[in-house]
1. Just to check I understand the Karplus step: with θ = phi - 60° and J = 6.51 cos²θ - 1.76 cosθ + 1.60, what whole-Hz values come out for region 152-166, glycine and proline as x?
2. Counting only the heavy atoms of the protein chains, how much of residue 197 is accessible to a 1.4 Å probe, in Å² to the nearest 10?
3. When only C-alpha pairs under 8 Å and at least 6 residues apart count, what is the relative contact order of region 201-342, in percent?
4. Calculate how many DSSP beta bridges within region 119-179 are antiparallel, expressed in % of all such bridges and rounded to the nearest 5.
5. Please list, or write none, the aspartates and glutamates whose alpha carbon is within less than 17 Å of the alpha carbon of residue 169, excluding same-chain residues fewer than 8 places away.
6. What does the C-alpha gyration tensor say about the overall shape of region 205-347? Classify as rounded when a/c is under 1.5, otherwise prolate if a/b is larger than b/c, or oblate.
7. Determine ³J(HN,Hα), in whole Hz, for all residues of region 254-263 in sequence, where each value follows from phi through the Karplus function 6.51 cos²θ - 1.76 cosθ + 1.60 and θ = phi - 60°; x replaces Gly and Pro.
8. Straight-line reach from residue 364: which aspartates and glutamates have a Cα under 12 Å away, not including same-chain ones fewer than 8 places off?
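The values are calculated or read from the model by the stated rules, or taken from the named source; none is laboratory data. The model shown is predicted, which means the values in this text are computed figures rather than measured ones. FYI the Cβ positions are ideal-geometry reconstructions off the backbone, even for glycines, and counts take in every protein chain you see. Protein only, heavy atoms only, side chains kept; ligands, DNA and RNA dropped before computing areas. Shrake-Rupley method; radii C 1.70, N 1.55, O 1.52, S 1.80 Å.
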Amino acid sequence: MGMERVQCTYDSLDETFEIREEMYQGQQYSHIYFTRLRLMRTLLYSLVPHWKPNFPVCTVLGLEESKECVIVGTLYKHMKLKPCILDEYSKQKSVVPLVQPRNFVHSDDYLVLEDESGRVKLNGNIIPPSEYVTGIVVALLGKESGAGDFLVQDVLDAGLPPQIEFPLKSGEDKYVVLVSGLSVGSSSSNPLQFQLLVDHITGHLGDEKEQSIASQIVRLIFAGNLVEIPQRLLNGQNLASKDLARISEPIRELDILLSQIAAGLPLDIMPGPSDPANFSLPQQSLHRCLFPGSSMYNTFRSCTNPHCFELDNVRFLGTSGQNVDDLDKYSDAKDKLEFMERTLRWRHLAPTAPNTLGCFPYTKRDPFFIESCPHVYFVGNQDKFETRVIKGSEGQLVRLVCVPKFSETGVAVMLNIRDLECHALSFGTQFSS
(Lines give C-alpha, C1' and ligand atoms only; values in the text may rest on other atoms or scores of the structure.)
Protein backbone atom coordinates (compact mmCIF):
# COMPACT_ATOMS: atom_id res chain seq x y z
CA MET A 1 0.00 0.00 0.00
CA GLY A 2 1.41 3.41 -1.01
CA MET A 3 1.91 6.25 1.46
CA GLU A 4 1.13 9.89 0.78
CA ARG A 5 3.64 12.57 1.72
CA VAL A 6 2.53 15.15 4.27
CA GLN A 7 2.16 18.69 2.88
CA CYS A 8 2.88 22.10 4.40
CA THR A 9 2.81 25.76 3.33
CA TYR A 10 6.08 27.40 2.26
CA ASP A 11 6.94 31.11 2.02
CA SER A 12 10.35 32.31 0.88
CA LEU A 13 11.64 35.45 2.64
CA ASP A 14 14.92 35.72 0.70
CA GLU A 15 14.01 39.01 -0.99
CA THR A 16 16.10 41.02 1.48
CA PHE A 17 19.22 39.02 0.50
CA GLU A 18 18.72 39.36 -3.27
CA ILE A 19 20.93 41.93 -5.01
CA ARG A 20 18.69 43.57 -7.60
CA GLU A 21 18.72 47.36 -7.81
CA GLU A 22 22.03 47.80 -5.96
CA MET A 23 24.94 48.72 -8.20
CA TYR A 24 28.65 48.76 -7.50
CA GLN A 25 30.01 52.15 -8.56
CA GLY A 26 33.34 52.13 -6.76
CA GLN A 27 31.83 52.97 -3.35
CA GLN A 28 33.69 52.13 -0.15
CA TYR A 29 32.38 50.12 2.80
CA SER A 30 31.86 53.11 5.13
CA HIS A 31 28.24 53.39 3.91
CA ILE A 32 27.20 50.03 5.33
CA TYR A 33 28.73 50.92 8.72
CA PHE A 34 26.90 54.28 8.84
CA THR A 35 23.65 52.56 7.82
CA ARG A 36 24.14 49.93 10.52
CA LEU A 37 24.91 52.58 13.16
CA ARG A 38 21.82 54.65 12.29
CA LEU A 39 19.60 51.59 12.30
CA MET A 40 20.91 50.12 15.55
CA ARG A 41 21.26 53.46 17.34
CA THR A 42 17.56 54.23 16.87
CA LEU A 43 16.78 50.82 18.36
CA LEU A 44 19.19 51.21 21.31
CA TYR A 45 17.99 54.76 22.05
CA SER A 46 14.49 53.31 22.52
CA LEU A 47 15.86 50.74 25.01
CA VAL A 48 18.14 53.07 27.05
CA PRO A 49 15.31 54.81 29.04
CA HIS A 50 14.21 51.40 30.40
CA TRP A 51 17.82 50.31 31.00
CA LYS A 52 19.45 53.39 32.59
CA PRO A 53 16.73 56.07 32.94
CA ASN A 54 18.75 58.42 35.15
CA PHE A 55 21.82 58.89 32.94
CA PRO A 56 22.27 61.30 30.02
CA VAL A 57 23.09 60.01 26.53
CA CYS A 58 26.25 61.60 25.04
CA THR A 59 28.28 61.43 21.86
CA VAL A 60 31.97 60.50 22.01
CA LEU A 61 32.91 64.15 21.43
CA GLY A 62 30.59 65.26 24.27
CA LEU A 63 32.24 63.11 26.97
CA GLU A 64 33.32 64.88 30.16
CA GLU A 65 35.88 63.56 32.62
CA SER A 66 34.37 61.57 35.56
CA LYS A 67 30.79 62.33 34.41
CA GLU A 68 28.74 59.11 34.10
CA CYS A 69 26.74 58.84 30.88
CA VAL A 70 25.56 56.45 28.16
CA ILE A 71 27.24 56.38 24.74
CA VAL A 72 26.11 54.45 21.65
CA GLY A 73 28.43 53.51 18.81
CA THR A 74 30.14 50.85 16.71
CA LEU A 75 32.84 48.70 18.27
CA TYR A 76 36.23 48.41 16.62
CA LYS A 77 38.56 45.69 17.89
CA HIS A 78 42.29 46.36 17.64
CA MET A 79 43.91 42.95 17.17
CA LYS A 80 47.64 42.27 17.44
CA LEU A 81 47.48 39.03 15.40
CA LYS A 82 44.99 40.13 12.74
CA PRO A 83 46.47 39.33 9.30
CA CYS A 84 47.43 42.33 7.17
CA ILE A 85 47.56 42.12 3.38
CA LEU A 86 50.60 44.43 3.38
CA ASP A 87 52.62 41.82 5.27
CA GLU A 88 52.65 39.70 2.11
CA TYR A 89 54.48 42.49 0.28
CA SER A 90 56.87 43.37 3.11
CA LYS A 91 60.43 43.81 1.86
CA GLN A 92 61.89 42.85 5.21
CA LYS A 93 61.55 39.10 5.52
CA SER A 94 60.85 37.89 9.03
CA VAL A 95 63.45 35.61 10.60
CA VAL A 96 60.68 33.81 12.50
CA PRO A 97 58.44 31.83 10.11
CA LEU A 98 54.91 33.22 10.02
CA VAL A 99 52.59 30.52 11.33
CA GLN A 100 48.96 31.19 10.50
CA PRO A 101 46.96 30.67 13.71
CA ARG A 102 43.42 29.28 13.64
CA ASN A 103 42.27 32.00 16.04
CA PHE A 104 43.63 35.55 16.07
CA VAL A 105 42.61 36.54 19.62
CA HIS A 106 45.45 37.90 21.81
CA SER A 107 45.55 39.12 25.40
CA ASP A 108 46.73 42.57 24.19
CA ASP A 109 43.60 43.17 22.07
CA TYR A 110 41.47 46.17 23.03
CA LEU A 111 38.14 47.72 21.98
CA VAL A 112 37.38 51.20 20.65
CA LEU A 113 33.89 52.75 20.34
CA GLU A 114 33.19 54.96 17.33
CA ASP A 115 30.37 57.27 16.30
CA GLU A 116 30.25 60.11 13.74
CA SER A 117 31.84 62.53 16.20
CA GLY A 118 34.94 60.52 17.18
CA ARG A 119 36.34 57.41 18.84
CA VAL A 120 37.35 56.45 22.37
CA LYS A 121 39.32 53.51 23.76
CA LEU A 122 37.36 51.29 26.18
CA ASN A 123 38.60 49.99 29.53
CA GLY A 124 37.23 47.76 32.29
CA ASN A 125 36.43 44.09 32.88
CA ILE A 126 32.73 44.46 31.98
CA ILE A 127 33.40 44.27 28.24
CA PRO A 128 36.06 41.58 27.53
CA PRO A 129 37.58 42.09 24.04
CA SER A 130 37.75 38.32 23.43
CA GLU A 131 33.91 38.13 23.30
CA TYR A 132 33.37 41.01 20.89
CA VAL A 133 34.26 41.74 17.26
CA THR A 134 34.48 44.78 15.00
CA GLY A 135 31.11 45.94 13.66
CA ILE A 136 28.76 45.48 16.62
CA VAL A 137 26.66 48.46 17.75
CA VAL A 138 26.19 48.67 21.55
CA ALA A 139 25.20 51.12 24.29
CA LEU A 140 27.71 51.57 27.13
CA LEU A 141 27.33 53.12 30.57
CA GLY A 142 30.53 54.57 32.04
CA LYS A 143 32.69 57.64 32.42
CA GLU A 144 35.79 59.13 30.87
CA SER A 145 38.94 58.55 32.87
CA GLY A 146 41.79 61.02 33.33
CA ALA A 147 43.80 59.12 30.69
CA GLY A 148 41.12 59.80 28.06
CA ASP A 149 39.76 56.22 28.05
CA PHE A 150 36.12 55.33 28.69
CA LEU A 151 35.71 53.15 31.79
CA VAL A 152 32.80 50.80 31.01
CA GLN A 153 30.42 49.99 33.91
CA ASP A 154 27.63 48.24 31.98
CA VAL A 155 26.83 47.06 28.44
CA LEU A 156 23.52 46.92 26.57
CA ASP A 157 23.16 45.06 23.31
CA ALA A 158 19.99 45.03 21.24
CA GLY A 159 18.79 41.62 22.52
CA LEU A 160 16.66 39.11 20.66
CA PRO A 161 14.33 40.79 18.13
CA PRO A 162 10.52 40.43 18.33
CA GLN A 163 9.23 37.03 17.24
CA ILE A 164 6.07 36.09 15.39
CA GLU A 165 3.85 33.85 17.50
CA PHE A 166 4.65 30.16 17.27
CA PRO A 167 1.70 28.39 15.61
CA LEU A 168 -0.51 26.28 17.84
CA LYS A 169 0.78 22.73 18.06
CA SER A 170 -1.05 20.36 15.77
CA GLY A 171 -1.08 16.64 16.42
CA GLU A 172 0.75 15.97 13.15
CA ASP A 173 4.53 15.52 12.98
CA LYS A 174 6.19 17.32 10.08
CA TYR A 175 9.94 17.08 9.58
CA VAL A 176 12.55 19.22 7.87
CA VAL A 177 15.90 17.61 7.07
CA LEU A 178 18.98 19.85 7.18
CA VAL A 179 22.11 18.72 5.31
CA SER A 180 25.36 20.54 4.52
CA GLY A 181 28.84 19.90 3.19
CA LEU A 182 28.03 17.19 0.65
CA SER A 183 31.26 18.21 -1.17
CA VAL A 184 30.45 16.07 -4.22
CA GLY A 185 33.70 15.63 -6.14
CA SER A 186 36.03 15.82 -3.12
CA SER A 187 38.17 12.97 -1.82
CA SER A 188 36.08 12.81 1.40
CA SER A 189 32.75 12.50 -0.45
CA ASN A 190 31.15 9.05 -0.24
CA PRO A 191 28.52 8.50 -2.98
CA LEU A 192 27.08 5.44 -1.20
CA GLN A 193 26.59 7.43 2.00
CA PHE A 194 24.66 10.16 0.18
CA GLN A 195 22.63 7.53 -1.73
CA LEU A 196 21.59 6.02 1.62
CA LEU A 197 20.36 9.45 2.71
CA VAL A 198 18.44 9.90 -0.56
CA ASP A 199 16.85 6.45 -0.29
CA HIS A 200 15.93 7.01 3.36
CA ILE A 201 14.15 10.34 2.92
CA THR A 202 12.41 9.25 -0.28
CA GLY A 203 11.03 6.19 1.53
CA HIS A 204 13.00 3.50 -0.31
CA LEU A 205 14.74 2.16 2.82
CA GLY A 206 13.54 0.57 6.03
CA ASP A 207 10.34 -1.12 7.17
CA GLU A 208 6.82 0.33 7.10
CA LYS A 209 7.39 2.35 10.29
CA GLU A 210 10.50 4.05 8.86
CA GLN A 211 8.71 4.69 5.59
CA SER A 212 5.86 6.27 7.55
CA ILE A 213 8.34 8.68 9.22
CA ALA A 214 9.94 9.40 5.82
CA SER A 215 6.51 10.35 4.47
CA GLN A 216 6.33 13.07 7.15
CA ILE A 217 9.44 14.85 5.78
CA VAL A 218 8.06 18.01 4.16
CA ARG A 219 11.29 19.67 2.99
CA LEU A 220 15.02 19.11 2.58
CA ILE A 221 17.48 22.02 3.02
CA PHE A 222 21.02 21.82 1.65
CA ALA A 223 23.06 24.42 3.56
CA GLY A 224 26.04 25.06 1.28
CA ASN A 225 29.20 23.34 -0.02
CA LEU A 226 27.27 21.06 -2.34
CA VAL A 227 30.27 20.45 -4.60
CA GLU A 228 34.02 20.75 -4.41
CA ILE A 229 35.96 21.55 -7.56
CA PRO A 230 39.71 20.66 -7.47
CA GLN A 231 41.74 23.79 -6.61
CA ARG A 232 44.46 22.98 -9.15
CA LEU A 233 41.85 23.57 -11.90
CA LEU A 234 40.97 27.02 -10.52
CA ASN A 235 44.32 28.76 -10.95
CA GLY A 236 43.11 31.30 -13.52
CA GLN A 237 44.82 29.67 -16.51
CA ASN A 238 43.24 28.39 -19.70
CA LEU A 239 42.04 24.83 -19.31
CA ALA A 240 42.19 21.90 -21.66
CA SER A 241 38.85 20.41 -22.76
CA LYS A 242 39.32 17.37 -20.49
CA ASP A 243 39.85 19.71 -17.49
CA LEU A 244 36.73 21.70 -18.40
CA ALA A 245 34.78 18.44 -18.30
CA ARG A 246 36.35 17.64 -14.91
CA ILE A 247 35.12 20.98 -13.49
CA SER A 248 31.52 20.27 -14.43
CA GLU A 249 31.62 16.59 -13.38
CA PRO A 250 30.76 17.15 -9.65
CA ILE A 251 27.83 19.41 -10.61
CA ARG A 252 26.46 16.81 -13.04
CA GLU A 253 26.76 14.11 -10.37
CA LEU A 254 24.99 16.36 -7.85
CA ASP A 255 22.19 17.09 -10.33
CA ILE A 256 21.49 13.36 -10.74
CA LEU A 257 21.22 12.91 -6.96
CA LEU A 258 19.06 16.03 -6.49
CA SER A 259 16.73 14.83 -9.27
CA GLN A 260 15.99 11.68 -7.24
CA ILE A 261 14.99 13.85 -4.26
CA ALA A 262 13.06 16.50 -6.24
CA ALA A 263 10.93 13.74 -7.75
CA GLY A 264 9.62 12.94 -4.25
CA LEU A 265 9.75 16.04 -2.06
CA PRO A 266 10.55 19.79 -2.07
CA LEU A 267 14.16 20.87 -1.57
CA ASP A 268 16.08 24.13 -1.13
CA ILE A 269 19.74 24.50 -2.10
CA MET A 270 21.96 27.25 -0.64
CA PRO A 271 25.40 28.15 -2.02
CA GLY A 272 28.48 27.84 0.20
CA PRO A 273 32.17 28.83 0.08
CA SER A 274 33.14 25.99 -2.26
CA ASP A 275 30.18 26.28 -4.66
CA PRO A 276 30.18 28.04 -8.07
CA ALA A 277 28.60 31.23 -6.70
CA ASN A 278 29.76 34.75 -5.83
CA PHE A 279 32.23 34.81 -2.92
CA SER A 280 30.84 37.74 -0.91
CA LEU A 281 27.73 37.61 1.24
CA PRO A 282 24.87 37.51 0.56
CA GLN A 283 25.64 34.73 -1.90
CA GLN A 284 23.12 34.72 -4.72
CA SER A 285 21.22 31.59 -5.70
CA LEU A 286 22.97 29.05 -7.93
CA HIS A 287 21.72 29.35 -11.50
CA ARG A 288 19.11 26.78 -12.51
CA CYS A 289 21.02 25.95 -15.72
CA LEU A 290 23.62 24.19 -13.53
CA PHE A 291 20.92 21.64 -12.66
CA PRO A 292 19.12 20.74 -15.91
CA GLY A 293 17.60 17.58 -14.43
CA SER A 294 16.44 18.61 -10.95
CA SER A 295 15.36 22.15 -11.94
CA MET A 296 12.69 20.61 -14.19
CA TYR A 297 10.73 19.77 -11.03
CA ASN A 298 8.64 22.50 -9.36
CA THR A 299 9.83 21.09 -6.01
CA PHE A 300 13.38 22.35 -6.71
CA ARG A 301 14.29 25.77 -5.35
CA SER A 302 17.66 27.52 -5.58
CA CYS A 303 18.02 30.02 -2.71
CA THR A 304 20.38 32.67 -1.35
CA ASN A 305 22.85 32.37 1.52
CA PRO A 306 21.68 33.52 4.08
CA HIS A 307 18.30 31.87 3.58
CA CYS A 308 15.05 32.80 5.34
CA PHE A 309 11.69 31.05 4.92
CA GLU A 310 8.53 29.96 6.73
CA LEU A 311 7.01 26.47 6.87
CA ASP A 312 3.46 26.45 8.31
CA ASN A 313 4.27 29.88 9.88
CA VAL A 314 7.41 28.53 11.61
CA ARG A 315 10.26 30.89 10.65
CA PHE A 316 13.67 29.48 9.67
CA LEU A 317 16.86 31.47 9.22
CA GLY A 318 20.12 29.86 8.17
CA THR A 319 23.55 30.34 6.65
CA SER A 320 26.17 28.08 5.10
CA GLY A 321 28.52 28.76 8.02
CA GLN A 322 30.74 31.67 6.93
CA ASN A 323 29.38 34.09 9.56
CA VAL A 324 30.01 31.76 12.51
CA ASP A 325 33.36 30.48 11.18
CA ASP A 326 34.58 34.07 10.92
CA LEU A 327 33.45 34.87 14.47
CA ASP A 328 35.41 31.78 15.56
CA LYS A 329 38.59 33.30 14.08
CA TYR A 330 38.28 36.72 15.70
CA SER A 331 36.62 36.01 19.08
CA ASP A 332 36.27 33.27 21.70
CA ALA A 333 33.30 31.18 22.86
CA LYS A 334 32.79 27.79 24.48
CA ASP A 335 31.08 26.40 21.36
CA LYS A 336 29.65 27.40 17.97
CA LEU A 337 26.14 27.67 19.44
CA GLU A 338 27.33 30.55 21.61
CA PHE A 339 28.47 32.43 18.51
CA MET A 340 25.04 31.84 17.00
CA GLU A 341 23.32 33.13 20.12
CA ARG A 342 25.50 36.26 20.08
CA THR A 343 24.51 37.10 16.49
CA LEU A 344 20.84 36.97 17.53
CA ARG A 345 21.42 39.10 20.65
CA TRP A 346 23.42 41.60 18.60
CA ARG A 347 20.58 41.45 16.00
CA HIS A 348 23.11 41.05 13.24
CA LEU A 349 23.70 37.94 11.16
CA ALA A 350 27.25 38.81 10.04
CA PRO A 351 28.77 41.45 12.35
CA THR A 352 32.33 40.89 11.03
CA ALA A 353 31.24 41.82 7.47
CA PRO A 354 32.73 43.75 5.75
CA ASN A 355 35.81 43.96 8.03
CA THR A 356 37.01 40.35 7.82
CA LEU A 357 34.11 38.70 5.96
CA GLY A 358 33.41 39.61 2.35
CA CYS A 359 30.07 41.29 1.66
CA PHE A 360 28.47 43.45 -1.03
CA PRO A 361 29.12 47.21 -0.47
CA TYR A 362 25.55 48.27 0.29
CA THR A 363 24.92 52.02 0.56
CA LYS A 364 21.32 52.38 1.78
CA ARG A 365 20.60 49.23 3.79
CA ASP A 366 22.14 46.42 5.81
CA PRO A 367 20.44 43.12 4.85
CA PHE A 368 22.09 41.25 7.73
CA PHE A 369 20.15 43.20 10.38
CA ILE A 370 17.73 40.71 11.99
CA GLU A 371 14.31 42.38 12.24
CA SER A 372 12.29 39.34 13.24
CA CYS A 373 13.48 36.53 15.49
CA PRO A 374 13.38 33.10 13.83
CA HIS A 375 12.00 29.99 15.52
CA VAL A 376 14.83 27.91 14.02
CA TYR A 377 18.33 29.26 13.34
CA PHE A 378 20.72 26.87 11.60
CA VAL A 379 24.33 27.13 10.44
CA GLY A 380 25.87 24.64 8.00
CA ASN A 381 29.32 23.12 7.45
CA GLN A 382 30.25 22.71 11.09
CA ASP A 383 32.50 20.03 12.60
CA LYS A 384 29.77 18.34 14.64
CA PHE A 385 26.04 18.33 15.32
CA GLU A 386 25.07 20.60 18.21
CA THR A 387 21.74 22.04 19.27
CA ARG A 388 20.01 23.89 22.08
CA VAL A 389 17.06 26.20 22.72
CA ILE A 390 17.60 29.79 23.86
CA LYS A 391 15.04 32.12 25.43
CA GLY A 392 14.65 35.88 25.01
CA SER A 393 13.51 38.49 27.52
CA GLU A 394 10.09 38.74 25.84
CA GLY A 395 9.44 35.00 25.74
CA GLN A 396 11.14 34.31 22.39
CA LEU A 397 12.19 30.69 21.89
CA VAL A 398 14.80 29.81 19.26
CA ARG A 399 16.12 26.38 18.32
CA LEU A 400 19.81 26.71 17.39
CA VAL A 401 21.24 23.98 15.15
CA CYS A 402 24.82 23.38 13.98
CA VAL A 403 24.59 21.19 10.88
CA PRO A 404 27.76 19.06 10.41
CA LYS A 405 29.59 18.43 7.13
CA PHE A 406 27.90 15.36 5.67
CA SER A 407 30.92 14.26 3.63
CA GLU A 408 33.02 13.98 6.82
CA THR A 409 30.45 12.86 9.41
CA GLY A 410 27.63 11.16 7.49
CA VAL A 411 25.21 13.10 9.72
CA ALA A 412 22.08 15.02 8.69
CA VAL A 413 19.66 16.75 11.08
CA MET A 414 15.94 15.99 11.30
CA LEU A 415 13.78 18.70 12.89
CA ASN A 416 10.10 18.41 13.82
CA ILE A 417 8.31 21.71 13.11
CA ARG A 418 5.46 20.69 15.43
CA ASP A 419 7.55 21.15 18.60
CA LEU A 420 11.06 22.10 17.26
CA GLU A 421 12.60 18.89 18.64
CA CYS A 422 15.50 17.64 16.54
CA HIS A 423 17.86 14.70 16.30
CA ALA A 424 20.74 13.47 14.15
CA LEU A 425 20.35 11.06 11.22
CA SER A 426 23.59 9.13 10.88
CA PHE A 427 24.55 7.16 7.77
CA GLY A 428 27.57 4.86 7.70
CA THR A 429 29.06 2.58 5.09
CA GLN A 430 31.76 0.98 7.23
CA PHE A 431 31.20 -2.73 7.83
CA SER A 432 33.13 -4.54 10.54
CA SER A 433 34.64 -7.83 9.42
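1. Once θ is set to phi - 60°, the couplings for region 152-166 become 7, 10, 7, 10, 10, 9, 5, x, 4, x, x, 10, 5, 5, 5 Hz.
2. 0
3. 22
4. Working: 6 of 8 bridges.
So the antiparallel bridges amount to about 75 percent of the total.
5. Excluding near neighbours in sequence, the set is 310, 312, 419, 421.
6. Numbers: a/c = 1.99, a/b = 1.05, b/c = 1.90.
Taking the square roots of the gyration eigenvalues as a ≥ b ≥ c, region 205-347 is oblate.
7. My calculation for region 254-263 gives 4, 4, 4, 5, 5, 4, 4, 6, 4, 5 Hz in order.
8. Within reach: 21, 22.
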